[in-house]
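A short write-up of the structure that comes next.
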Amino acid sequence: MKTAILVFIAMTTGAAAQTFEVASIKPSTTPQGQGLRSLREDITNGPDHLTMVNVNLTTAVRWAYKLGVYEISAPEWMATARFDFNAKSASPVSEDLLRAMLQALLKERFKLEVHRQTREVSGYALVAGKGPVKVTKNEEVGGGEGAMTGAGLVFEGHKMPLSRLCDILAQVARTPVRDMTGLEGNYDFKVDMRPYLAQVQPAAGGGLDLMGAVIPALQEQLGLKLDSKKFPMEVLVVDRMEKAPGEN
């Protein structure tokens, strides 16, 4: 236990001391109002760089603090304005330290202030199904990418943690989804909900309830399932954030 505490102190001390050598934050150059293209957010990172294209500020804060969709409470306007981030470190660093450096950058440029609180929530747990899990481990260095195709009914993940899949599922289910598969690291996977559209029913508030397609697609294509569950969730609350960054 003592060793673990010392390691934690060393990590947090390093994170507090290190910042990006160069960092640029500008309004997104992606044309807005053009369907899925204008909604797509791309995040790539390596040992010495972080690039975020067309991200809203909620996404930027979520990446910095490694949060799921429902693990942040933020003003609605943060999900509308979009920015391009380009940051480089002076030397190679771990992804966790890269996230800590982004936290420092957001505090410096946007005057970000946050606090944490724990809430009891009802949601889903993503767990292994009855058969084999059909995802492929990807041990390449650097961050992962995902792509939505087929009018948002096909999701392809490349070099991504299953927690990112939970983020997508949470948006479809409109409720928190937590990764409880026990599968750590990054994976390649593909979920195609189009073969199951016949099982989709109208949603209570209008539109379609895609869970009728999501549940069988997960089980048959990935060997995963969603279990209803209540669990405590720590939420990051945004107390303050400027709408435009300070000078680059």
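Among the strands (runs of 3 or more DSSP E) contained in region 1-69, which hold 2 or more residues that are modelled with pLDDT of 95 or more?
Numbers: elements: 22-27, 42-46, 49-56.
Passing ranges, in order: 22-27, 49-56.
If I filter region 104-155 down to residues being acidic (D, E) and at pLDDT 85 or above, which single residue comes out as nearest to P27 (Cα to Cα)? Outline the logic, then answer.
The initial filter retains those residues of region 104-155 that are acidic (D, E), namely 108, 113, 120, 139-140, 145.
Still in the list and also at pLDDT 85 or above: 108, 113, 120, 139.
Numbers: E108: 17, E113: 21, E120: 36, E139: 33 Å.
Within region 104-155, the match that is nearest to P27 (Cα to Cα) is E108.
Can we say P216 is over 30 Å from S24 (Cα atoms) and either more than 18 Å from the chain's Cα centre (by Cα) or among the acidic types (D, E) (or both)? Don't jump to the end; show me each part of the working.
Details: over 30 Å from S24 (Cα atoms): yes; either more than 18 Å from the chain's Cα centre (by Cα) or among the acidic types (D, E) (or both): yes.
In short, yes.
Picking from E234, E184, which residue would you name as being modelled with pLDDT of 90 or more and over 28 Å from P75 (Cβ atoms)? Quick ask: steps written out before the conclusion?
Details: E234 fails: over 28 Å from P75 (Cβ atoms).
After applying the criteria, what remains is E184.
Among the residues of region 205-217, is any in a loop (DSSP other than H, G, I, E, B), over 20 Å from L39 (Cβ atoms) and modelled with pLDDT of 90 or more?
Among the residues of region 205-217, not one is in a loop (DSSP other than H, G, I, E, B), over 20 Å from L39 (Cβ atoms) and modelled with pLDDT of 90 or more, which makes the answer no.
Taking the condition buried (at least 17 other Cβ atoms within 10 Å of the Cβ), in contact with a strand residue (DSSP E or B) (Cβ under 7 Å, 6 or more places away or on another chain), assigned by TED's automatic domain parsing to the domain that holds E184 and in contact (Cβ under 8 Å) with a residue 60 or more places away in the chain, does L105 pass?
Here the answer is no, as L105 does not meet what is asked.
Please work out if L126 is in a helix (DSSP H, G or I), touching a strand residue (DSSP E or B) at 6+ places or on another chain (Cβ under 6 Å) and either touching a residue at least 60 places away in the same chain (Cβ under 8 Å) or more than 25 Å from D188 (Cβ to Cβ) (or both). Step through it out loud before you land on a result.
Working: in a helix (DSSP H, G or I): no; touching a strand residue (DSSP E or B) at 6+ places or on another chain (Cβ under 6 Å): yes; either touching a residue at least 60 places away in the same chain (Cβ under 8 Å) or more than 25 Å from D188 (Cβ to Cβ) (or both): yes.
No, not satisfied.
Yes/no matrix, rows are residues, columns are (1) acidic (D, E); (2) touching a His at 6+ places or on another chain (Cβ under 6 Å):
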site	(1), (2)
K66	no, no
R82	no, no
F85	no, no
K88	no, yes
E95	yes, no
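Identify the residue in region 62-90 that is over 22 Å from E120 (Cα atoms) and surrounded by 19 or more Cβ atoms within 10 Å (Cβ to Cβ) and, among all such residues, is nearest to the chain's Cα centre (by Cα).
For region 62-90, the residue satisfying everything is W63.
The values are calculated or read from the model by the stated rules, or taken from the named source; none is laboratory data. Keep in mind it's a predicted model, so treat the numbers as computed, not measured. Positions of Cβ are generated from backbone atoms using ideal geometry, with glycine treated the same way; all protein chains shown enter the neighbour counts.
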